[in-house]
Structures are given as C-alpha cells and as structure tokens.
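The values are calculated or read from the model by the stated rules, or taken from the named source; none is laboratory data. Everything quoted here is computed from the prediction, not taken from an experiment. Backbone-built Cβ (ideal geometry, glycine too); neighbour counts: all protein chains shown.
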Amino acid sequence: MKGDWADYTVEQIAAKSPYALATGPFGSSIGSRFFQTEGIPVIRGGNLSQDVGIKLIDADWVFVSREKAAQFSRSIVRSGDLVFTCWGTIDQIGLIDETSPYPEYVISNKQMKLTPNATRFDSHFLYYLFKSPGIRDVILSRGIGSSVPGFNLGQLRRMRISAPPLATQKAIANVLRALDDKIRLNRKMNLVLEALASALFKSWFVDFDAVTAKRDGKTPVGVPVDALDLFPGHFEDSELGPIPKGWTMGRLCEITAVVDCLHSKKPERQKTGRPLLQLDNIADAGLMDLSDLYLVSDQDYTRWSERIEASPGDCVITNVGRVGAVGQIPQGFRAALGRNMTGLRSIIGTPTFLIECLLSTAMREEIEKKTDAGTILEALNVSALPGLRFVRPPSALILLFEGLCRPFRSLMESHVEHNSLLSSLRDTVLLPLLSGEISIKTAEKTVAEVV
C-alpha cells in the first residue's frame, strides 16, 4: 500500500454538517399509508443492490408528499450521499449522483445515510470502496441478529477504511466510473435499438398502420417505397379481429419448431464444463444474461441437449416462475436447456421476426390466455405453445422486416457481450486500485483499450 494512504473511521469521513450520518425515520412514521404516486421518492431495500455496477435501482418507487418529507430532514439524501441497508441484506450500498433519476430522496426506516466531507473525500471512491468484497465481508461479519441480520449506525460510524489524498481518490474513481459509464451507455443504446425494432413490428404487424393509411387514401409512413404493395388497403374479419386482407391467422408451429426441455433431476453444478441455461439467464428485451452460467459435465450436457442444443437465433421461453419470459441465444453461444424452459427455433429462417413476435403485446396477451393458474405457481404448458396465434403477413414482408431489424438485434447482443467484458475488468481492477497495489496509469491504459 502506498505511503500516502491513511486510515479513517467513517465518523471522520462524514461532513461536519448536521445529520451527515443518520438513519431513516421510525417505521410507523413513513409507513405505507403515507405512500402516493408522486412527490419525494423513498429509497427502500429493493432500490439498492449488492452489484458494484448498480448505484441505485430505478424501479418500484413509492413517494411521500413534500410536506411529509420535510418532517424527515435528517433522512433526506442528495447527490454525493451514500446509502446503506441496516436490516436484511446489509451489504447493499447505494450512491446518489448525477445519474440518479431524482434530485433528492427519503431513506426508509431500514436504511442509513452518509454525507462525506467533500473537501477530503470523493463520494464515488467511497462507493466503490464500500462496495468492494473486503468491506462488504467486514459488514457481513459484524451483522447482529440471526434470522434478519442488522448493521446499525454505531457500527457504521466506527468502521475504519483506508484512503489516499482526494486527488488520488478522484483518479481511482474515474477509472472505475469510465467502465460503469460505458456499461450504462451500452444499456441505453440497447433500449433505443429494441424500441426501434418493437415499434416497427407493432406498426406493421399489430396496429397495421400502413394498411389503415392506404385504406384512408394516405401514404404509409415508415414503409420502403418498394414494399408498399406488400400492404393491402383493406381489412377482413378473423378469430383475432380485423386483419389485413389476404393475411392469415397463423400459429407458432407454422414458423417455429417447439422443443421441450428434459424433465429430469437437475444435474450437479461444476466449476468447469458446458452451460445449462437457467431462468435467471433470461434478461430483458429478449436478451440473455450469460454472466453467471450454470456449468455441467460433458456427459450431462450431452443428455440435456439431446432434444435441442440452444444455438444462435434460437429463443427460449420459461414455463414456470417468470412465465413467458423470452430470450434469444446470441451469436457464438450454445447451451443445453435447463428445467422449466422450452426451445423455439425458427423454421423459416427469420429469428428476429420470431423474437419480436414473442415480445409483442399481442403475443403476451395470447400467452396470458394459455397460462394455467396453479395453487402455488402459474404455468405455461408446453403443449399450448405450438398453437399460440399471431397475424401472419406475407413471407416477403417477414423477410423485409428481418433484413431491417436483424442488425439491431446483432448490435444489442454485441453490447451485452461488451458489458460482460467491462464488468469483469472492473471487478478485476477494483481491489488492486482501492488498495494501491496497481498504479492508476496502468489501470487507465488497460481500461482505455476496452472502453
């Protein structure tokens, strides 16, 4: 460790202002009866994460009125403040910064806050430090209670950490932030790309905007000139309601091979081996999260992939738990199907049309109709999948959509793969940087090569 690093207690790190170290309001003071749909957001356990790359989870917000929040001045957090969980998952830490969706928040009764002395300590450096495995292990080891672990304000106040001068803190944080910023940018780009593909699918194959325009004597928007003749100017009735004249009500089995997983005991996980897909591997927007793969032996892999080996372009859909969650296998990846999932392979060579069809609102409604309500979990029976209905356009139009949107999906998959590399690099350099074991210049050079 470098000689200019020094030890501090968290109390010494805190700003000299009132309530720089504070807990959330008493439970009954900020209970659910005060929640509303707008106002000042309340940070709860679900808004924090153990993942070092997630400073705040922007989802499932509840709010209290500004008048109510004003009663909890000691529990208000703003940019630069760190948030800690004090009951439950006590190694969750969050940070309010310029990427946070709101300028201020109230922490819940199960949270604590730290406002650092900005003249001596960098909030982002402290965030990465507290989120590092070593500090999280310390917090976990000091947890009180058995069924629900606790970590209180007194314990946080007395914790000791090592930090270099402020300029070095900022330089270290900037290296790590560069990786997280790129990850966040890739995710935003994927949201845009998926929005483009889904909007085009919805316009052409769900809302039939071009058909409506032609019926009304208008020129369709968003349709290549040489494709205008593929859209009729009239509708006709079908089981699915009015559909473009000449189009048909198709079923999934007409464009897709549906293959069930192996119904057997889950094989034992191995440290090395080949991937067996799990429900958690299915991410949002039809993408796959392959950062934590369940590996099995070659023998088990062969047995579990006998029916189908999930290959690039194939889709997988969940049958139990997250019913109807869909993901598409990216380029360069193959896997066996784990329990409670079904493989879907396009038999007409249009994997992008398939994934967008499965993700569409029309198909989601169709899936809901086929989902059985069990006593414990809902289930989507495999036998129902081949019969799922959709409006089938002419093959030429399906191929046109495929050509337009396949590059979007390919780029999205590339971003996911790049993010996996960036996350791995961040986790690799995190501890050496925070302990002063590697130089900032070395880390900056390594990061510059991949960002």
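Of all the numbered requirements in (1) at pLDDT below 95; (2) assigned by TED's automatic domain parsing to the domain that holds T248, G150 misses one, and that requirement is (2).
Would you check which residues across the stretch 55-80 are within 16 Å of L95 (Cβ to Cβ) and buried (at least 19 other Cβ atoms within 10 Å of the Cβ) and list them? Lay out the reasoning, then the answer.
Start the filter on the stretch 55-80 by keeping residues that are within 16 Å of L95 (Cβ to Cβ), which leaves 55-58, 76-80.
Hits for the stretch 55-80 are K55, L56, V77, G80.
Can you pull out the residues in the stretch 1-18 that are among the hydroxyl-bearing types (S, T, Y) and either at pLDDT 95 or above or touching a Ser or Thr at 6+ places or on another chain (Cβ under 6 Å) (or both)? Selection gives Y8, T9.
Okay, residues lined up against (1) under 25 Å from the mean Cα position of the chain (by Cα); (2) touching a residue at least 24 places away in the same chain (Cβ under 8 Å); (3) at positive phi; (4) assigned to a strand (DSSP E or B):
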position: A285; (1), (2), (3), (4): yes, yes, yes, no
position: D292; (1), (2), (3), (4): yes, no, no, no
position: Q299; (1), (2), (3), (4): no, no, no, no
position: T302; (1), (2), (3), (4): no, no, no, no
position: R307; (1), (2), (3), (4): no, yes, no, no
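Taking the condition farther than 30 Å from P407 by Cβ, touching a residue at least 40 places away in the same chain (Cβ under 8 Å) and not polar (S, T, N, Q), does V320 pass? Taking the combined requirement at face value, the residue satisfies it. In the condition set (1) out of contact with any strand residue (DSSP E or B) (no Cβ under 6 Å at 6 or more places or on another chain); (2) surrounded by 15 or more Cβ atoms within 10 Å (Cβ to Cβ), R269 is compliant with all but (2). Residue pairs whose Cβ atoms lie under 7 Å apart, sitting 6 or more positions apart in sequence or on different chains, and linking a residue in the stretch 428-451 that is within 19 Å of I135 (Cβ to Cβ) to a partner that is exposed (fewer than 15 other Cβ atoms within 10 Å of the Cβ) and of a type in the set (K, R), are G436/K2. Residues that are charged (D, E, K, R) and surrounded by fewer than 21 Cβ atoms within 10 Å (Cβ to Cβ) within the stretch 301-314 comprise R303, E306, R307, E309, listed in sequence order.
Considering only the stretch 1-33, state which residues are in contact with a helix residue (DSSP H, G or I) (Cβ under 6 Å, 6 or more places away or on another chain), under 16 Å from I76 (Cα atoms) and surrounded by fewer than 18 Cβ atoms within 10 Å (Cβ to Cβ). Residue satisfying the conditions is Y19 alone. Screening E417 on (1) in contact (Cβ under 8 Å) with a residue 60 or more places away in the chain; (2) in contact with a helix residue (DSSP H, G or I) (Cβ under 8 Å, 6 or more places away or on another chain) shows it passes everything except condition (2).
Among the residues of the stretch 78-97, just one is out of contact with any strand residue (DSSP E or B) (no Cβ under 9 Å at 6 or more places or on another chain) and modelled with pLDDT under 95, namely T89. Restrict the check to the stretch 275-294 and report whether at least one residue is in contact with a helix residue (DSSP H, G or I) (Cβ under 7 Å, 6 or more places away or on another chain), at pLDDT 95 or above, farther than 30 Å from L200 by Cα and crowded, with 20+ Cβ neighbours inside 10 Å. Looking through the stretch 275-294, at least one residue is in contact with a helix residue (DSSP H, G or I) (Cβ under 7 Å, 6 or more places away or on another chain), at pLDDT 95 or above, farther than 30 Å from L200 by Cα and crowded, with 20+ Cβ neighbours inside 10 Å. Applying the criterion of at least 2 residues that are in the same structural domain as D292 (by TED's automatic domain parsing) and touching a Cys at 6+ places or on another chain (Cβ under 9 Å) to the strands (runs of 3 or more DSSP E) found wholly in the stretch 341-434 leaves 341-346.
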